[in-house]
Amino acid sequence: MERTLEKVEEVLKRYGYKRENLIKILLEIQEHYRYLPEEVINYVGVAMGIPPSKIYGVVTFYAQFSLKPKGKYTIMVCDGTACHMAGSQEVLKGIEEEIGLKPGEVTKDLMFSLDQVGCLGACALAPVMVINNEVYGNLTREKVKEILKGIKEKEREMANA
């Protein structure tokens, strides 16, 4: 955990330990570690003079924060009305078939995590998923599988380089 606290301290210093920067601080820490571990939340609370319970309140209020590890590739599947009507359940089936995940799960190797969300704001492209801020629209079960196969292949090539 020592390295984690060094990174946390670096972020805190950059933002001047200011309460008004709490969300930015937490987002940057989460971006680096892919979630917010309990020890980090406690450390930030002590360092900033904020009760950890208040920080947990912020973390649990905003959907972009996670208390569990996320995958290197974070997949969000829209299940808003337009996406649901256009076939978001088929998108979810394709993901499960290709990488074995259901919403709320993370692969054992922390390569992929999957969340089902209420709306991604891209209704004209329904059904939609977002992987690490890249939007994929007009999806079918087969398109989803091809996208995921492509990511897995890219990872294999990087590992063998």
* Structure fact -> Taking the stretch 71-94 and keeping only residues that are of a type in the set (Val, Ile, Thr) and more than 16 Å from the chain's Cα centre (by Cα), one is left with THR81, VAL91
* **Residues of the stretch 120-147 that turn out to be touching a helix residue (DSSP H, G or I) at 6+ places or on another chain (Cβ under 8 Å) and closer than 17 Å to GLN89 by Cβ, as a count** => 16
* Asked: Can you tell me which of SER88, SER66, SER53 is closer than 26 Å to GLY16 by Cβ, outside the structural domain of LEU22 (by TED's automatic domain parsing) and either without any contact (Cβ under 8 Å) to a residue 12 or more places away in the chain or surrounded by 14 or more Cβ atoms within 10 Å (Cβ to Cβ) (or both)?
  -> SER66
* List the pairs whose first member sits in the stretch 120-146 and is surrounded by 18 or more Cβ atoms within 10 Å (Cβ to Cβ), whose second member is part of a loop (DSSP other than H, G, I, E, B) and among the hydroxyl-bearing types (Ser, Thr, Tyr), and whose Cβ atoms are under 9 Å apart, counting only residues at least 6 apart or on separate chains? -> PRO127/THR140
* To do: Mind listing just one residue for me: the one in the stretch 91-117 that is within 13 Å of VAL144 (Cβ to Cβ) and among the acidic types (Asp, Glu) and, of those, surrounded by the fewest Cβ atoms within 10 Å (Cβ to Cβ)?
  => GLU97
* If only one of TYR43, TYR33 is in contact (Cβ under 8 Å) with a residue 12 or more places away in the chain and under 19 Å from the mean Cα position of the chain (by Cα), which one is it? -> TYR33
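The values are calculated or read from the model by the stated rules, or taken from the named source; none is laboratory data. Just so it is clear, the structure is predicted and the values come from calculations on it, not from any experiment. Neighbour counts run over all protein chains shown; Cβ positions are idealised from the backbone, glycine included.
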